[in-house]
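A short worksheet on the structure shown next.
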Amino acid sequence: MPDRSVAPVKLAIRGLRMAFRAGEGVVRVLEDIDLDVRSGEFVCILGPSGCGKSTLLNIVAGFLAPTAGKVSIDGEEVRRPDPRRIFVFQERGVFPWLTVEGNIGFGLDRLPREARRERIAHYIALVGLEGFEKAYPHELSGGMKQRVEVARALAVDPDVLYLDEPFGALDSITRLVMRGELLRLWQAEKKTVLFVTHDIEESVQLADRVVVLGARPARVRRIVEIDLPHPRDLSSRRYLELRDGIFEEIGLAHRI
Amino acid sequence: MKARAGAALDAGDALLNCPRLAFGSRKSFPISAGAWIVPVTGVVLFLLFWDVAIRAGKAPLLPGPLAVVRAIGELLRKGFLFKHVVASLFRVTWGYLLAVVVGVPLGILLAIHRRLGLALAPLVEILRPISALAWIPLAILWFGVGDAAAVFIIFVASSLPLTVAAMSAVRHVSETHWNAGRNFGLTRRQAALRVLLPAILPRLLVGLRLALGVAWLVVVAGEMIAVNSGLGFLIIDARNAGNRYDLVVAGMVLIGTIGLALDVIMRRLERLRALQWAYAGSEGAP
């Protein structure tokens, strides 16, 4: 496993706070979040539902402005979304009025026609959607739509991918397959990945580091280094140790 | 963007929210030769009933179907049929096109521009319940008796539903799609063309179809007062000039048939494959 602890810091979050006005009161969602993500690192942000982790990702991506603090990427403050950093929604971000091809080529309109066609074909093959080029999203399964969205993101060759519970709406088998594919793509394309999830197992299977958030207002409770090489053995002692550690951190008895 | 307007603005939504009712599920009603049997039988039975009832009755309340067919034949022979139909379609085309050109952009603007929307929404809501027929005196005052008055009435009647439909369509664009567009670095202009327009098109088409129905509904009323040609004029003239009720009913049948044809054409557009996502129920539905 390459040592990412020496890679330069790609993304820095400093003193980030977010509060929403709700009726008369103010709801504090995020409080004093500090985090560094290194270039090429895969970081999972883990927290209970509704803790504000999606809000955090939306701020980092530039869709929302924080109440205080700042996010910078390569030393430059983030003020708006940018095609160098693509946000992958839970398959809902696929444009239903475009075919698979049209979606994957969405961010490529500056390329000459031939280069665009090649790039689209490359990413269709990469996510295994050959034969579905002309299909519309409503004709595809949830997992295939998710692949379209990932391919659309990768096609513009971004440095950073933001994934907001990308596999949450999929069935458990498809979810496992998609995790494997995401890791394969991440290793092949060397992206920095920020991945939001509420699934402890998912975070330990995927991440270099897991950032555990507390309930509202969310703060960083702990950052867990996952020192396991890929592909990970999900029955190894170390894997179980790390997983159980996080279970305890979040305060759940994992016996049913 | 997210704020929902009053319930009145969502009139067209009921249609989209129960797609099976509004658009017909292809599974339960396959568009095939066999599907025509039931409706055609219904029409034939109705005509038979009509004919028998007229023959049996002592003082006929209206001409029978054969008399109406003969009346249509008479109109056709004398060249009136073509003349009146074209006159009506001409007025509808102009009034409706004008309404589309004004009403749709206005609706989009009111939905996108929050403050402007808040300022003008009450005005739209007050104008909406006013029947287009109430505008006839003003139309005649402004445009005199003639085509322009009829076109204006059609414009008034069909532009407001279009404005409301466009507003509702824009409000239903998913925030995720907006954000995805921004993420890929689209300018406002590009976002309008590549996200907004395709996203609102299905809802807008429903609005366009309903508004065309309204335009066709209103042209008859306009022609009864403001002009001396068209199907509306035919009906009123047939009565005034000699109590030719066979011609009156012939005019009614023509109006209904052409209205149906217009509706069928608009529904065809809704079946385009690229639009099916909005009617299929799951993907991108609000």
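Any read-out appearing in this document is the output of simple, stated calculations on the displayed coordinates, not a laboratory observation. Computed from a predicted structure; not experimentally measured. Every residue, glycine as well, gets a Cβ built from its backbone with ideal geometry; the counts of neighbours run over all protein chains shown.
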Quiz prompt | Dipole magnitude of chain B, debye to nearest 20 (Cβ charges: Lys/Arg +1, Asp/Glu -1, about Cα centre) | solution = 660
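By Kyte-Doolittle mean hydropathy of at least 1.6 and Cα axial length of at least 18 Å, which whole DSSP H helices of chain B are selected? Walk me through the numbers before you get to the answer.
Numbers: long enough: B:37-56 (28 Å, 1.95); B:65-78 (20 Å, 0.68); B:80-112 (47 Å, 1.84); B:114-127 (20 Å, 1.20); B:147-171 (36 Å, 1.63); B:197-225 (41 Å, 1.78); B:245-270 (38 Å, 1.31).
Sorted by number, the helices that extend far enough and score high enough are B:37-56, B:80-112, B:147-171, B:197-225.
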Exercise. Could you tally the net charge around residue B:191, taking each other residue with its Cβ under 14 Å from the Cβ of residue B:191, Lys/Arg +1 and Asp/Glu -1?
Key: +3
Practice problem: For helix A:172-189, report the angle its Cα long axis makes with the longest principal axis of the Cα atoms of chain A; keep it between 0 and 90° and round to the nearest 10°. | Solution: 80
Quiz prompt | 5 angstrom amide H check on residue A:29, placed H, neighbours 5+ away | solution = A:18, A:19, A:20
Quiz prompt | Global form of the range A:204-256, assessed from the alpha-carbon gyration tensor, a/c cut-off 1.5 | solution = oblate
Quiz item: Long-range amide H contacts for residue A:226: which residues qualify at under 5 Å (H placed 1.01 Å from N, peptide plane, sequence gap of 5 or more or a different chain)?
Solution: A:209, A:210
Self-check item: Shape call, chain B: gyration tensor on alpha carbons, a/c limit 1.5
Solution: oblate
Quiz item: With each pseudo-label sitting 7 Å past Cα toward Cβ, what's the residue A:7-residue A:115 distance in nm, one decimal?
Solution: 2.6
Quiz item: In chain B, which longest range has no trypsin sites (Lys or Arg not before Pro) that are both DSSP loop (not H, G, I, E or B) and surrounded by at most 15 other Cβ atoms within 10 Å?
Solution: B:59-270
Quiz item: Which is farthest toward the positive dipole end of chain B among B:196, B:120, B:149, measuring Cα position about the Cα centre, with Cβ charges +1 (Lys, Arg) and -1 (Asp, Glu)?
Solution: B:196
Practice problem: Could you work out how far apart the two model spin labels at residue B:44 and residue A:215 are, taking each label as a point 7 Å from the Cα in the direction of the beta carbon, and quote it in nm? | Solution: 7.1
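What share of the DSSP beta bridges in the protein assembly as shown is antiparallel, in percent to the nearest 5?
Bridges in the protein assembly as shown that DSSP calls antiparallel: roughly 55 percent.
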Quiz prompt | Farthest toward positive dipole pole in the protein assembly as shown [+1 Lys/Arg, -1 Asp/Glu at C-beta], among B:64, A:94, B:183 | solution = B:64
Practice problem: Mind counting lysine pairs for me in the range A:1-152? Cα separation below 27 Å, and the two need to be 8 or more apart along the chain or on different chains. | Solution: 5
Quiz prompt | Coil-residue trypsin sites (Lys or Arg not before Pro) of the range A:175-211, DSSP, other Cβ within 10 Å capped at 14 | solution = A:190
Practice problem: Considering the options B:159, A:210, B:75, tell which one lies farthest towards the positive end of the dipole of the protein assembly as shown, charges being +1 on Lys and Arg and -1 on Asp and Glu at the Cβ, about the Cα centre. | Solution: B:75
Quiz item: Nearest 0.05, what FRET efficiency do residue A:187 and residue B:114 give at R0 = 45 Å with Cβ-Cβ as r?
Solution: 0.50
Quiz item: Taking the Cα centre of chain A as origin and charging only Cβ (+1 Lys, Arg; -1 Asp, Glu), how large is the dipole, in debye to the nearest 20?
Solution: 420
Quiz item: Any idea what the dipole of the protein assembly as shown comes to, in debye rounded to 20, about its Cα centre with Lys/Arg Cβ at +1 and Asp/Glu Cβ at -1?
Solution: 1180
Quiz item: Where in the range B:211-243 is the amide nitrogen less than 19 Å from a point lying 7 Å along the Cα-to-Cβ axis of residue B:264?
Solution: B:212-214, B:216-217
Practice problem: Give me the percent of DSSP beta bridges within chain A that run antiparallel, rounded to the nearest 5. | Solution: 55
Quiz prompt | the range A:35-50-the range A:88-153 distance, computed between alpha-carbon centres (Å) | solution = 26
Quiz item: Among A:51, A:44, what is the fewest-to-most ranking by other Cβ atoms within 10 Å?
Solution: A:51, A:44
Self-check item: In the range A:65-171, trypsin sites (Lys or Arg not before Pro) in a DSSP loop with at most 11 other beta-carbon atoms within 10 Å
Solution: A:79, A:110, A:134
Quiz item: Cα centroids of the range B:45-107 and the range B:222-239: how far apart, whole angstrom?
Solution: 12
Practice problem: Sequence neighbours fewer than 8 away in the same chain don't count; with that in mind, list the aspartates and glutamates whose C-alpha is under 18 Å from residue B:58. | Solution: B:246
Quiz prompt | For residue A:163, distant residues with modelled amide H under 5 Å away | solution = A:88, A:194, A:195, A:196
